[in-house]
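First the structure, in the form of structure tokens, and then the observations on it.
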Amino acid sequence: MPNKSKAKGNRFEAEIVKAVELHEVKAVRAWGSNGKALGCHEEVDILIDDDIKVQAKVRKALPKWIKPTEHVDIQVIKEDRGKMYVVQELNDWLLEYKKWVSIGQMAKV
């Protein structure tokens with residue numbers, strides 16, 4: 001019997017790649033979910049634009065407090081005395097990423 005958790009992770013990685021490619025941004029899944037296949041650390045599942053390393057984690061449910069509400073654009077979280085992290089919808093992040101990429105390309109001209 002195939003590992004259901006592994007299959008779920010593979011589907012999620014494919015879903016991420018498809019979402020990224022809909023924005024006309026390059027995304028590549030690591031073979032076997034092992035970043036070494038992409039020349040990266042083994043924890044890397046996806047490489048966006050040959051530069052952004054993504055680890056994909058899918059869970060049955062996320063804590064409600066971790067997800068941004070419709071009233072905010074991002075959620076910033078951190079552990080006590082820890083680093084800060086941004087939680088944002090992938091689609092929104094991709095729109096912002098494309099803006100930064102185009103600004104960077106304009107600066108090179």
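Worth pointing out:
- Scanning segment 10-41 for residues that are acidic (Asp, Glu) and closer than 19 Å to residue 59 by Cα returns 13, 15.
- Residue that is least open to solvent (accessible area, probe 1.4 Å), among those in segment 15-34 that are in a helix (DSSP H, G or I) and at pLDDT 95 or above: 20
- Inspection of segment 87-103 identifies at least one residue that is more than 16 Å from the chain's Cα centre (by Cα) and open to solvent by less than 80 Å² (accessible area, probe 1.4 Å).
- Taking residues in segment 80-105 that are on the phi > 0 side of the Ramachandran plot, and partners anywhere that are assigned to a strand (DSSP E or B) and surrounded by 10 or more Cβ atoms within 10 Å (Cβ to Cβ), not one pair has Cβ atoms closer than 8 Å while being at least 6 places apart or on different chains.
- Selection within segment 59-109 - in a helix (DSSP H, G or I) and among the aromatic types (Phe, Trp, Tyr): 65, 93, 97, 100
- Among the residues of segment 75-86, those identified as open to solvent by 70 Å² or more (accessible area, probe 1.4 Å) and of a type outside the set (Lys, Arg) are 76, 79, 80, 84, 85, 86.
- Residue count, segment 1-14 (criterion: open to solvent by 40 Å² or more (accessible area, probe 1.4 Å) and under 11 Å from the mean Cα position of the chain (by Cα)): 1
- Residues of segment 35-58 that are part of a loop (DSSP other than H, G, I, E, B) and among the hydrophobic types (A, V, I, L, M, F, W, C): 40, 44, 56, 58.
- Output for segment 35-53, where each listed residue is under 18 Å from residue 9 (Cα atoms) and within 12 Å of the chain's Cα centre (by Cα): 44, 45, 46, 47, 48, 53
- Breaking point among (1) open to solvent by 100 Å² or more (accessible area, probe 1.4 Å); (2) over 19 Å from residue 16 (Cα atoms); (3) more than 14 Å from the chain's Cα centre (by Cα), for residue 60: (2)
- Looking across segment 63-74 at every residue that is in contact with a strand residue (DSSP E or B) (Cβ under 9 Å, 6 or more places away or on another chain) and exposed (fewer than 10 other Cβ atoms within 10 Å of the Cβ), the one that is nearest to residue 6 (Cα to Cα) is identified as 65.
The values are calculated or read from the model by the stated rules, or taken from the named source; none is laboratory data. Small disclaimer: the values here were computed from a predicted structure and weren't measured. Heads up, the Cβs are rebuilt from the backbone with ideal geometry, glycines too, and the neighbour counts pull from every protein chain shown. Just the protein is used for accessible areas: all its heavy atoms, side chains included, with ligands, DNA and RNA removed. Shrake-Rupley method; radii C 1.70, N 1.55, O 1.52, S 1.80 Å.
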